[in-house]
Structures are given as structure tokens and as C-alpha cells.
1. Using the structure shown, decide if Arg58 is at pLDDT 80 or above, loosely packed, with under 10 Cβ neighbours inside 10 Å and charged (D, E, K, R).
2. I need every pair where a residue in region 17-39 that is part of a helix (DSSP H, G or I) and at pLDDT 80 or above has its Cβ under 7 Å from the Cβ of a residue that is surrounded by 13 or more Cβ atoms within 10 Å (Cβ to Cβ) and hydrophobic (A, V, I, L, M, F, W, C), sequence separation at least 6 or different chains.
Amino acid sequence: MDQYDVPLPSREFGQQVKLVHSLRRILKDYPQGPQILLELLQNADDARATEYCVYLDRCKYGTGNILQ
């Protein structure tokens with residue numbers, strides 16, 4: 001586990017998801033465009049979320065790892 005993995009609490013099935021690994025998989029498996037947002041929306045629906053927010057960050061970042 002690296003320092004950015006955050007085990008998320010779960011309720012129904014006792015499962016844990018490492019957030020950074022999940023996001024990396026989504027970014028790797030889905031092409032750029034609305035597919036990523038649709039996948040996150042589907043995940044929120046599967047988790048029975050009552051809210052779903054998307055924030056557009058217009059900041060410019062370098063090409064290095066922003067998690068460090």
C-alpha cells in the first residue's frame with residue numbers, strides 16, 4: 001500500500017476499495033471524454049449515492065505525478 005491509498009469504509013459487504021488504485025484503473029481503462037464521468041456516475045448509483053458532484057479544475061499542472 002502506498003501513502004495515497006485510502007481504505008474506504010464499507011457497510012453492506014465488508015469490502016474495502018483503495019481509492020487511488022480505483023481511480024487509476026478508471027483513468028487507464030476508459031478513453032478521455034464523457035465515459036469516465038459516466039462510469040463514476042454509475043459507481044455512485046451502484047453505491048446508492050444521493051448526490052453526485054463534478055468539479056472542473058482549470059488549473060494547469062506539470063506532467064509529473066501530482067500525487068507527490
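The values are calculated or read from the model by the stated rules, or taken from the named source; none is laboratory data. Here the structure is a predicted model, which is why all the values come from computation and not from measurement. So basically every Cβ, Gly included, is an ideal-geometry build from the backbone, and we count neighbours across all protein chains shown.
1. Numbers: at pLDDT 80 or above: yes; loosely packed, with under 10 Cβ neighbours inside 10 Å: yes; charged (D, E, K, R): yes.
Against the criterion (at pLDDT 80 or above, loosely packed, with under 10 Cβ neighbours inside 10 Å and charged (D, E, K, R)), Arg58 qualifies.
2. Ile36/Ile26; Glu39/Ile26
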